Amino acid sequence: MNGGHFHGAVIYTEIVTRLRDAGCVFAEDEAQLLISAARTAAELAAMVDQRAAGLPLEHVIGWAEFCGLRIEVDTGVFVPRKRTEFLARQGVALAWSGAVVVDLCCGSGALGTVLAAALERIELHAADIDPSAVKCARRNMAAAGGHVYEGDLYEALPIALQGRIDVLVANTPYVPTDVMGLLPPEARIHEARVALDGGKDGLDIQRRLAAAAPLWLAPGGHLLVEASERQAPQTVEIFASVGLIPRVARSDELDATVVIGTRPALQMTLENFTGHLL
């Protein structure tokens, strides 16, 4: 905790009590973050009021910690979850220096930013349908030279990327519509519905994403999505139905499930194929 002129132990204790009364489970940690982020006593008081009123901590302080990086998160933009670090790690494991990487439904751009930080000189592209998210992702991906587009899934991407994407990561909305009301207020009230609602069974966006994936992925390229453990078998079927080779990765520690679909590598060159016919 910073020891600035307006934060004494009494202030810290008062903030912890206020946050705990508001239902914040990690009140001590949050109090320290708020104190560190505030530049004046008035700003600190306003931030504590916002948090106690239910605004997500990340929106109050303006950033989220994700895979050891500080990701800027503007008000209203989807906050990257701890469990999604597993999706980021799976993407890093499948990519390489110089790979073409795309982050769709990118939100703050957390996934693409992590891949760029972990790998050298990737060609990074990202897109989101929410203008606020696009604005945020552009700031986060600027250092990596990432290109961020506004639009609906592949429609937002340059046509020149067709057949060239090596790793496509997408934390698509996957909450079934009739479960939206059961989400914590922080998500339900303060994050864009378009970032959460996945349609009747939660898999509408994944279906659309998978359907066009073979056109956009390079031979041997990978599509990675986060799903609930319950949804994973359906996602596997969706991937297989469009010709992707599916597999499931699971982290019990983070309660995270990732489904990976790989476009088959070209089995034969044209010459081999012609020779086979002869």
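The values are calculated or read from the model by the stated rules, or taken from the named source; none is laboratory data. Worth saying up front: this structure is predicted, and the values here are computed from it rather than measured. Cβ coordinates were reconstructed from backbone atoms using ideal geometry, including for glycine residues, and neighbour counts include every protein chain displayed. To get the accessible areas, we keep the full protein, side chains included, count just its heavy atoms, and leave off ligands, DNA and RNA. Shrake-Rupley method; radii C 1.70, N 1.55, O 1.52, S 1.80 Å.
What to note about this one:
- Of all residues in the range 116-149, exactly one satisfies the criterion of being over 21 Å from Leu215 (Cβ atoms) and assigned to a strand (DSSP E or B), namely Val148.
- Yes/no for Val179 being of a type outside the set (Phe, Trp, Tyr), at pLDDT 95 or above and out of contact with any Gly (no Cβ under 7 Å at 6 or more places or on another chain): no
- The range 1-56: number of residues that are within 22 Å of Glu72 (Cα to Cα), open to solvent by less than 50 Å² (accessible area, probe 1.4 Å) and either in a loop (DSSP other than H, G, I, E, B) or at pLDDT below 85 (or both): 5
- When Leu57 is tested against (1) over 27 Å from Val114 (Cβ atoms); (2) of a type in the set (A, V, I, L, M, F, W, C); (3) touching a Phe, Trp or Tyr at 6+ places or on another chain (Cβ under 9 Å), just one condition goes unmet, and that condition is (1).
- From the list Leu244, Leu168, Leu224, the one residue that fits, being closer than 24 Å to Lys82 by Cβ, touching a Gly at 6+ places or on another chain (Cβ under 6 Å), open to solvent by less than 10 Å² (accessible area, probe 1.4 Å) and modelled with pLDDT of 95 or more, is Leu224.
- Scanning the range 61-75 for residues that are open to solvent by 20 Å² or more (accessible area, probe 1.4 Å) and either in a helix (DSSP H, G or I) or in contact (Cβ under 8 Å) with a residue 24 or more places away in the chain (or both) yields Ile61, Gly62, Cys67, Leu69, Glu72, Asp74, Thr75.
- Filter result (in contact with a strand residue (DSSP E or B) (Cβ under 7 Å, 6 or more places away or on another chain) and open to solvent by 30 Å² or more (accessible area, probe 1.4 Å)) within the range 227-241: Ser228, Glu229, Val236, Ala240
- If you go through the range 112-121 and keep only what is of a type outside the set (Lys, Arg), open to solvent by 10 Å² or more (accessible area, probe 1.4 Å) and touching a residue at least 24 places away in the same chain (Cβ under 8 Å), you end up with Thr113, Val114, Ala116, Ala117, Ala118, Leu119.
- The residue list Gly98, Gly91, Gly54 contains one member that is touching a residue at least 40 places away in the same chain (Cβ under 8 Å) and under 20 Å from Ala218 (Cα atoms), which is Gly91.
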